[in-house]
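Report on the structure given below.
The values are calculated or read from the model by the stated rules, or taken from the named source; none is laboratory data. Keep in mind the model is a prediction, meaning the values are calculated, not measured. Because the Cβ atoms are built from the backbone with ideal geometry, glycine has one as well, and the counts that use them run over all protein chains shown.
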Amino acid sequence: MPTRSLMRQQAGSVSPRAFSSKHFLKLVEDTGDVGFWSADLSKDRLEASVGLYRILGLDPTEEMTFGLGLDMIHPDDRAAHGDQIAVLRSGQPITREFRIIRPDRTQRWLLHRAEVMLGPDGRPSQGMGVVFDVTARHDSVRSMEQRHDRFNALLSATAAVFWINGPDGEPLEMPQWQALTGQSHSEMSGQGWLAAIHPEDRERTAAAWSTAVSHAAPYNTDYRVLCADGIYRWFNARGVPILNRDGAVREWVGVCLSVPGRNRFGSAGARSAGDRSPADIEEQVLTPAQVRGARGMTGLSKDELARRAHVSVSTIVRLEDGTSLVRPRSETVLAIRQALEQAGVEFTFEPGAKPGIREA
């Protein structure tokens, strides 16, 4: 190989011994953010390489001392890392990671590793160290942490459940699902997560998921989840396969998003008036009085309600007019109902009682 031929000694060539350790250290320094130092530990002055001066942002003509280096440590890190020279003088090696503030007021992260050599009397005599500028790694980690925090904030804002499944479709990481349903990891494993799905939605959900897994296709379906408080709530579940370069599924990632306006569907103990399927909802005909009362309770004008429901103002007028012979389509009424429910009201349809409203 080229490198080997360059390193092989040739007849009449200069002996490899002509290359001093300084040549190799310079080669290392020129290929990365690294610097070296050596010193008599009984003194304050140290010999520093050009690379170390560059990392510290100092003029190479300036005298380098232990005190100068320690003074550059970030105030927040000084208590934990200001003892480095004392530790070396006690005969112990060090590996420390800390921040410094350079003369130009820029901040850098450093990794410092140093060893001690003992003198003839067996006491610490000489020290040598290597300093790496690891700012880029810290910036990368911080960027990842920021993205993670933003992702968690987004999940919290959307009341979403994030999940990761294996290539076979079985759950791997679903802590938020466990918190939502109260299921343990063993209870949700395999097909156990389906036990938290409403019985009327379970077969359809299982079929949709099985189809997505078998075809490595995106998954998107709605179902009711039995939450830990014993109430069924509607969620939209969607996920996609993450593929390896060879096209094989590495894992599945997805979310379960709360469906606004369809958030309460009875308790686990019995099927109540609130435990309704989408077809049941359509049968719950909103009365003009309910719409007027809900709009009054939420303080929504006809214009604002129409905007939120994506319908015309005339549709709102007809829906609130008990004498109107024109009835809006069921999907239009459902959109208006959802907009009002999102604004903070709940429509009631109790047996033996008139349809009513109350605060959600």
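Cβ-Cβ contacts under 6 Å between residues 6 or more apart (or on different chains), taken from a first residue in the stretch 39-66 that is within 19 Å of Pro103 (Cα to Cα) to a second residue that is among the charged types (D, E, K, R) and in a strand (DSSP E or B), are listed as Ile55/Asp133; Thr65/Arg45. Candidates in the stretch 309-344 are the residues that are surrounded by fewer than 16 Cβ atoms within 10 Å (Cβ to Cβ) and under 37 Å from the mean Cα position of the chain (by Cα); of these, the one that is modelled with the lowest pLDDT is Glu331. In the stretch 119-132, the residues that are over 15 Å from Gly35 (Cβ atoms) and assigned by TED's automatic domain parsing to the domain that holds Met72 form Cβ pairs under 8 Å with partners that are of a type in the set (Lys, Arg) and at pLDDT 90 or above, at six or more places apart or across chains, as follows: Pro124/Arg89.
Which of the following residues is surrounded by 16 or more Cβ atoms within 10 Å (Cβ to Cβ) and among the hydroxyl-bearing types (Ser, Thr, Tyr): Thr106, Thr95, Thr135? Don't jump to the end; show me each part of the working.
On the way: Thr106 fails: surrounded by 16 or more Cβ atoms within 10 Å (Cβ to Cβ); Thr95 fails: surrounded by 16 or more Cβ atoms within 10 Å (Cβ to Cβ).
Just a single option satisfies the conditions, and that option is Thr135.
The selection criterion, being within 20 Å of Arg137 (Cα to Cα), crowded, with 17+ Cβ neighbours inside 10 Å and at pLDDT below 95, holds for Gly51.
Working only within the stretch 220-237, note down all residues that are under 22 Å from the mean Cα position of the chain (by Cα) and either under 19 Å from Gln191 (Cβ atoms) or among the hydroxyl-bearing types (Ser, Thr, Tyr) (or both). Correct list: Phe235, Ala237.
Conditions (1) of a type in the set (Ser, Thr, Tyr); (2) modelled with pLDDT under 90, marked per residue:
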position: His198; (1), (2): no, no
position: Ala228; (1), (2): no, yes
position: Ala237; (1), (2): no, no
position: Val240; (1), (2): no, no
position: Gly261; (1), (2): no, yes
position: Ser272; (1), (2): yes, yes
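Can you tell me which residue within the stretch 59-78, out of those that are within 37 Å of the chain's Cα centre (by Cα) and assigned to a loop (DSSP other than H, G, I, E, B), is nearest to Arg45 (Cα to Cα)? Here the residue is Met72.
Among the residues of the stretch 112-123, the ones that are surrounded by fewer than 17 Cβ atoms within 10 Å (Cβ to Cβ) and either of a type outside the set (Lys, Arg) or out of contact with any Gly (no Cβ under 9 Å at 6 or more places or on another chain) (or both) come to 7 in all.
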